[in-house]
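Asker: Here it is: the structure, laid out below.
Just so you know, all these numbers are worked out from the coordinates, no wet-lab data involved. No experiment lies behind these values; they were computed from the predicted model shown. Glycine also receives a Cβ, built like all others from the backbone with ideal geometry; neighbour counts cover every protein chain displayed.
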Amino acid sequence: MKKSLKTEIYVFSREENLELIINTFCECFGIESVSVNNHLHLENDLQSVDIYAFISSMGDEFKELVNQQKNMVSGHFAEVENCDEDIKINFIHHIQQSKAFIPIKIESKVDDEGVQKKGLQDIVAIVLDFMKKVDGVLLVNGATVALNAYEDVILTDSGISQLDYYFPFEYVESPEFLKDCTMAQISRRNENMKFLFDKHIFVMELPVNEDDEKVTIRKKEEIVKRTLGTLVVSLYSEALLNPAEHMDTFEAREFVANVIKEYGIDNLNDVLTPNEIEYLNDEQSDERTRIEYSWHYEHLYTLEWALGLDEWTEPTDICDVPKSVRVLNGIGTFEDICNKVQLRSKKEILDKADLIYRMDWACVDARIHGMKSPGGMEPGVVQARHKTLNWLSCFDDADWDEVDTPT
C-alpha cells in the first residue's frame, strides 16, 4: 500500500495583520471567516491542511521564531553559487523584511499517487492566490525552491531562476519621515532612491545628509592641493608595486618629487597628510599597505570630477588610471590649476555624496551577507568615492586621514 503524502510549504510575508492573513486564507479557500487565532484547520475527504501564522508583533517568543526562520532561509540561499547575484540579494532582502512566517502542513488521506499530487497542486494554487492578495514568498520542495505569486521560480538552492530580475520593492515618493526635511533634502533623497530602484538596487531608508545651507564645501585651493597629494601617493605606490620599474622607496620618492615640482611645489610634505608622509618615509612598507594606498587613484578621479576635470561614471569598474594622471598634465602649476578649473556646484557634490552613501550601504550589506555587490558595483571604488565626497562636504569636519564613511 502506498503511503499517504505529508508535506510542508512555507510562506514569508511582509503583512503583519493576523486577522487579514487568516481571513484572506478563508476567502481563497472559499470558506466563511472564522474567529481569529493563528491556526486554521481545513479538511475534506481527500486531505487536511493546517495553516499556522507566526507574526513578529505577537510577542518576543514569536518575533524570535520568525527571525530564526528568516535567518535560516537567508543563510541557506546566501550560499547559492552560479546564480544571478542581484536576484539572490533582493530575494534575501524580501525575506528579511518579512513580518510573518506561515508554515502550511498538508496531509493526503488517500493512497493514490496521482490524486495526492493533484491535491498538493490544488493547495499550492490556492496559496499562490493568497499571495496575490497578501504580499509573500512561497518556499516548496523542502524550502529549496522559492516561488512568487505567479508560480515563477525566484531562485532554487541550485541557482536556477525563471526571472530576468527580481525587485519586489516599491519606490515611495517623499515618505512621512521626510516631513521635517527641506525641499533640497527631499528632492535629493527622491532622485537618488528612484535612480537606485530603477537599477533594481535595493537600499533601505537612510538618514538624509544635511541641507545645502548647513554644509560647507571645501575651498578650491584646498581641493587642488589634495588632488596633487593623491596623485603623489598613487604614483609612489604604483612605482613600488610595478615590477617593470624595480624602484625602491628612495627612487620612488625621487620620482614623485620630480613630478610634483612640475606643479610648482618643491616639498612633498606641502601636499601630503600626516599618514601619507609616514607612508612615504617608511622604508619597510609592505605590499598590502602599498596596495591600499594605490586606491588613491580612485580618490584622485573623484577629486578631478569635483574640479570639473572629468565626468561622473558609474562605480562598476576601477577608474581609468592613465586618464586620471593625464588629466592634470599641461594645465600648469598649482596656481594655474586653481585659476583654470571650475569647481562643481554644492548641489552636484551633495547629490553625489548622498548617492554614493546609499551605494556604499548596499555594498556593505552585500558583504555582510557574503555576497557580491548589487548592480555590478565595485565596493572598493564605491568606498573610495564615499570617503572623498565626505571630505569634500566637510563631513564631521574631519581631516583627510580621519574621514569616516559610516553606512
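Asker: What's the ranking of 358-364, 269-275 by average number of surrounding C-beta atoms within 10 Å, highest first?
Answerer: Taking the mean over residues of other Cβ atoms within 10 Å, the ranking is 358-364, 269-275.
Asker: If you don't mind, there's one more thing I want to ask. Please give the contour-minus-distance gain from residue 57 to residue 31: 0.36 nm per residue of separation, less the Cα-Cα distance, rounded to one decimal in nm.
Answerer: Between residue 57 and residue 31, full extension yields 6.7 nm more.
Asker: Take the alpha-carbon centre of segment 140-170, take the same for segment 289-323, and report the distance between them in whole Å.
Answerer: Cα centroid of segment 140-170 versus Cα centroid of segment 289-323: 38 Å apart.
Asker: Search the structure for amide H atoms under 5 Å from the amide H of residue 155, placed 1.01 Å from N in the peptide plane, and list their residues when 5 or more places away or on another chain.
Answerer: The answer is 146.
Asker: Just tell me which aspartates and glutamates come within less than 12 Å, Cα to Cα, of residue 340; anything on the same chain fewer than 8 places away is out.
Answerer: Candidates past the 8-residue exclusion: 221.
Asker: Once you have the alpha carbon radius of gyration of the chain, what is it after dividing by 2.2 N^0.38 Å, with N set to its residue count?
Answerer: In units of the 2.2 N^0.38 Å rule of thumb, it is 1.31.
Asker: Compare the peptides 328-338, 216-226, 372-382 by average per-residue count of other Cβ atoms within 10 angstrom and give them in order, highest first.
Answerer: 372-382, 216-226, 328-338
Asker: Please label the shape of segment 6-156 as rounded, prolate or oblate, based on the square roots a ≥ b ≥ c of the eigenvalues of the alpha-carbon gyration tensor (a/c under 1.5 means rounded; beyond that, a/b larger than b/c means prolate, else oblate).
Answerer: oblate
Asker: For the pair residue 67 and residue 205, what calculated FRET efficiency results from E = 1/(1 + (r/R0)^6), where r is the Cβ-Cβ distance and R0 = 25 Å, to the nearest 0.05?
Answerer: 0.80
Asker: My understanding is that a pair violates if its Cα-Cα distance is over 29 Å; which of 219/352; 99/347; 63/117; 70/179 do that in this structure?
Answerer: 99/347; 63/117; 70/179
Asker: Springs between alpha-carbon pairs under 10 angstrom, Gaussian network model over the chain: which of 299, 246, 94 fluctuates most?
Answerer: Evaluated over the chain, the most mobile residue of the options is 246.
Asker: Springs between alpha-carbon atoms under 10 Å, Gaussian network over the chain: tell me which of 16, 254, 298 tops the mean-square fluctuations.
Answerer: Evaluated over the chain, the most mobile residue of the options is 254.
Asker: Is the C-alpha gyration tensor of segment 127-249 telling us rounded, prolate or oblate? Criteria: a/c under 1.5 is rounded; beyond that, a/b larger than b/c is prolate, otherwise oblate.
Answerer: Taking the square roots of the gyration eigenvalues as a ≥ b ≥ c, segment 127-249 is oblate.
Asker: Distance from a point 7 Å along Cα→Cβ of residue 311 to each backbone N in segment 317-344: keep the residues under 19 Å and list them by number.
Answerer: It comes to 317-328, 342-344, nothing else.
Asker: Quick one: putting +1 on the C-beta of Lys and Arg, -1 on the C-beta of Asp and Glu, what dipole do you get for segment 220-402 around its Cα centre, in Debye to the nearest 20?
Answerer: 700
Asker: Set Lys and Arg Cβ to +1 and Asp and Glu Cβ to -1, take the dipole of segment 220-402 about its Cα centre, and tell me which of 264, 398, 356 lies farthest positive.
Answerer: Sorting the options by dipole projection puts first 356.
Asker: Just how large is the dipole of the chain about the Cα centre, in debye to the nearest 20, putting +1 at every Lys and Arg Cβ and -1 at every Asp and Glu Cβ?
Answerer: Roughly 780 debye for the chain.
Asker: Using helices alone, I'd like the mean residue ellipticity at 222 nm for the chain: each DSSP H run of four-plus residues gives -39500 (n - 2.57), total over residue count, nearest 500.
Answerer: -15000 deg cm²/dmol
Asker: Which angle from 0 to 90°, rounded to the nearest 10, does the C-alpha axis of helix 85-96 make with the longest principal axis of the chain?
Answerer: Helix 85-96 sits roughly 60 degrees off the main axis of the chain.
Asker: In degrees from 0 to 90, rounded to the nearest 10, what is the angle of the helix 296-306 Cα long axis to the longest principal axis of the chain?
Answerer: 90
Asker: Given the Cα-Cα distance of residue 282 and residue 190 and 0.36 nm per residue of separation, how much length would full extension add, in nm?
Answerer: Gain in length upon complete extension: 28.5 nm.
Asker: Could I ask something else about it? Mind listing the phi-derived Karplus ³J(HN,Hα) values for segment 242-247, rounded to whole Hz, using 6.51, -1.76 and 1.60 with θ = phi - 60°, and x for any glycine or proline?
Answerer: Going residue by residue, I get 6, x, 6, 7, 6, 8 Hz, with x marking Gly and Pro.
Asker: From the residues 37, 62, 104, which one has its Cα farthest along the dipole of segment 6-156 in the positive direction, the dipole being from +1 and -1 charges on Cβ of Lys/Arg and Asp/Glu about the Cα centre?
Answerer: Selected residue: 62.
Asker: Continuing with this model, one more query. Evaluate the charge dipole of segment 298-369 about its Cα centre and quote only its size in Debye, nearest 20, assuming +1 on the Cβ of each Lys and Arg and -1 on the Cβ of each Asp and Glu.
Answerer: 140
Asker: Could you state the angle between the C-alpha long axis of helix 220-241 and the longest principal axis of the C-alpha atoms of the chain, as a value from 0 to 90 degrees rounded to the nearest 10?
Answerer: Value to nearest ten degrees: 80.
Asker: Can you compute the FRET efficiency between residue 19 and residue 158 using 1/(1 + (r/R0)^6), with r the Cβ-Cβ distance and R0 = 30 Å? Round to the nearest 0.05.
Answerer: The pair residue 19/residue 158 has a calculated efficiency of 0.20.
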